[in-house]
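Presented below is the structure to which this report refers.
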Amino acid sequence: MPTFRVDVKGNGSKLKDKLRKIAALDDLELKVGFFENARYPDGTPVAVVAYKNEYGADVPPRPFMKRTAQRRMKNWARGVAKNIRRADRASLKRAYEMAGQVAVGDVKRTIKDWPPGGNAPSTVAAKARRARSGKNLVPINPETVLIDTGKMISSVAYEVKTNGRT
């Protein structure tokens, strides 16, 4: 859960009470990424492909998730704080859902904006072949990194869990 610093003038007892109530709701969790139901047509989990891209298994590391989190985490935390209307679970859950929607857009933007280049010659050739065959909905530059069929970028999602349940 994000950590917030709040400066209070006066005795701030009402605010402190609200913050204590919100802190007691720490069983909520926001996750952003690739979930079990996201799979390629051959059954490969999208999460496996995303992991390989993030950490560099079989390809150079392209840490799109880490980069997004480093650049945007403070904004997500500020959004949660701004969008909590009441000190109750429903309000906190809604604030997390709003942050999740923003985070998904941020991750997709990082993937889309990743600089081209660095693909293996075999990858460039395969992407060019797929573009010519019409297997991609929209032909892409074969040098584009992190986007081929569009499945990974379209599978970025979020979930808010309570007590380990969605």
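The values are calculated or read from the model by the stated rules, or taken from the named source; none is laboratory data. Note that the structure is predicted; figures quoted are calculated from it, not measured. Reconstructed Cβ throughout: ideal geometry from the backbone, glycine too, with neighbour counts over all protein chains shown.
Data table
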item	result
First in segment 125-137 and surrounded by 12 or more Cβ atoms within 10 Å (Cβ to Cβ), second anywhere and polar (S, T, N, Q) and at pLDDT 75 or above, Cβ under 7 Å, 6 or more apart	N136/T149
Subset of segment 72-85 [within 12 Å of the chain's Cα centre (by Cα) and among the basic types (K, R)]	R72
Which numbered condition Y55 fails, given (1) without any contact (Cβ under 8 Å) to a residue 40 or more places away in the chain; (2) exposed (fewer than 13 other Cβ atoms within 10 Å of the Cβ)	(2)
Test: residue in segment 101-113 that is surrounded by 17 or more Cβ atoms within 10 Å (Cβ to Cβ), part of a helix (DSSP H, G or I) and at pLDDT below 95	no
Tally of residues being without any contact (Cβ under 8 Å) to a residue 60 or more places away in the chain and either in contact with a strand residue (DSSP E or B) (Cβ under 8 Å, 6 or more places away or on another chain) or within 14 Å of A157 (Cβ to Cβ) (or both) across segment 33-52	5
So A125, is it more than 25 Å from D27 (Cα to Cα), in a loop (DSSP other than H, G, I, E, B), modelled with pLDDT of 85 or more and among the small types (G, A, S)	no
Segment 58-100, subset assigned to a loop (DSSP other than H, G, I, E, B) and free of Cβ contacts under 8 Å to residues at least 60 places away in the same chain, residue surrounded by the most Cβ atoms within 10 Å (Cβ to Cβ)	P63
Checklist (1) touching a Lys or Arg at 6+ places or on another chain (Cβ under 9 Å); (2) among the charged types (D, E, K, R); (3) at pLDDT below 85 applied to R89, failing item	(1)
Criterion (at pLDDT below 85 and either assigned to a helix (DSSP H, G or I) or closer than 22 Å to N37 by Cβ (or both)) met by exactly one of L146, L137	L137
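Matching residues to (1) surrounded by 11 or more Cβ atoms within 10 Å (Cβ to Cβ); (2) modelled with pLDDT of 60 or more; (3) not small (G, A, S):
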site	(1), (2), (3)
P2	yes, no, yes
D7	no, no, yes
K16	yes, yes, yes
R20	no, yes, yes
A23	yes, yes, no
L28	yes, yes, yes
A38	yes, yes, no
P45	yes, yes, yes
A50	yes, yes, no
